[in-house]
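A short write-up of the structure that comes next.
The values are calculated or read from the model by the stated rules, or taken from the named source; none is laboratory data. Because the structure is predicted, anything quoted here is derived from the model rather than measured. Please note: Cβ atoms are built from the backbone with ideal geometry, for glycine as well, and neighbour counts cover all protein chains shown. Areas reflect the complete protein model, heavy atoms only, side chains present, ligands, DNA and RNA absent. Shrake-Rupley method; radii C 1.70, N 1.55, O 1.52, S 1.80 Å.
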Amino acid sequence: MSLTKEALQHIEASHNTGTEAAEGHALIVGDNFKLVDMEKYQDQRRRFRGQFKTKGLKDVIAYVAGRHSEAPVFIDRDAMASCSYLDIGITEHPGHCDHSATLNLPKTPEFTAYLHADGCTFDKEEMVELIEDWGHLIAFENSKGEALERSKVIHAFRKVSLEDLTNIESEKQEHSSRVGVMNSVTVKNAERLPAVIYWKLTPYEGLTERTLAMRVSSKTKGGPSFGLRAIALDAAKEEIAAEFAKLVTDGLPESECLLGTFTPWK
């Protein structure tokens, strides 16, 4: 097949300057037909692209509402996070999902401390340090349900010791344990030590304050120590996640808010 003079001239010009593609937004150049994006040489971008990331609930609501309030919002309750692709489009006319707004709600320092204490064992010095650090958020209650003063609780932990018993006790008391018929140990000042502690805290920034309980149990092996265990923590986490989802949904009434995550395929 022979080529016309005009076709040969076009091929030669294309080899030197490239062939336009994608309505002039790209060029096909070189022997390997490399595709070159021309956007960076133009005055403006073809479309808006960017990723807004924040830890503030109010900030992500303001960003989405101020730019594309009808864009769907995907709420990940487990991660306390949300994401919205503002250029997602619709099924008939899908967008590129290049413009997103994501929220990752951070735990507060006090909630982090509460979770860290859950399931841990502290010696008496460590218990004193914990109360000195977070005691302004904590209320104390002994095994009889009586409220205890923080200063007296600190003093009781500092003075707690083990006492050998020569008689056999018939029942196990709070803050005590039996180690044998001839030798039992018990923690003195039991009624002055808390059986339950209540943390009054805000778990995540922007959420409401709530009270979380934690049981205190004594251990006598190797010296007095204390185990902390959160009470009904799973139920509390569910309530916290539900509150988060509701705040996002209420803050973006024009958006379709869905529980779950969405990943656009490139």
May I ask you to order 225-238, 62-75 by the average number of other C-beta atoms within 10 Å around their residues, highest value first?
-> 62-75, 225-238
In this structure, the FRET efficiency calculated for ARG229 and ASP78 from their beta-carbon separation, with R0 = 25 Å, to the nearest 0.05, is 0.65
Computed from the beta carbon distance with a Förster radius of 25 Å, FRET efficiency for LYS221 and LYS200 to the nearest 0.05 stands at 0.20
Whenever you get a sec, compute what percent of the accessible area on the range 58-148 sits on carbon and sulfur atoms (1.4 Å probe).
-> 48 percent
For every other residue with a beta carbon closer than 14 angstrom to the beta carbon of GLY66, add +1 if it is Lys or Arg and -1 if Asp or Glu, then tell me the sum.
-> -1
Label-point separation, GLU209 to GLU256 (7 Å along Cα→Cβ), nm = 4.0 nm
Per residue value of the accessible surface for the range 87-141 (all protein chains in place, 1.4 Å probe), Å² = 51 Å²
Give me the number: length gained by fully extending LYS53 to SER143, i.e. 0.36 nm times residue separation minus the C-alpha to C-alpha distance, one decimal in nm.
-> 27.7 nm
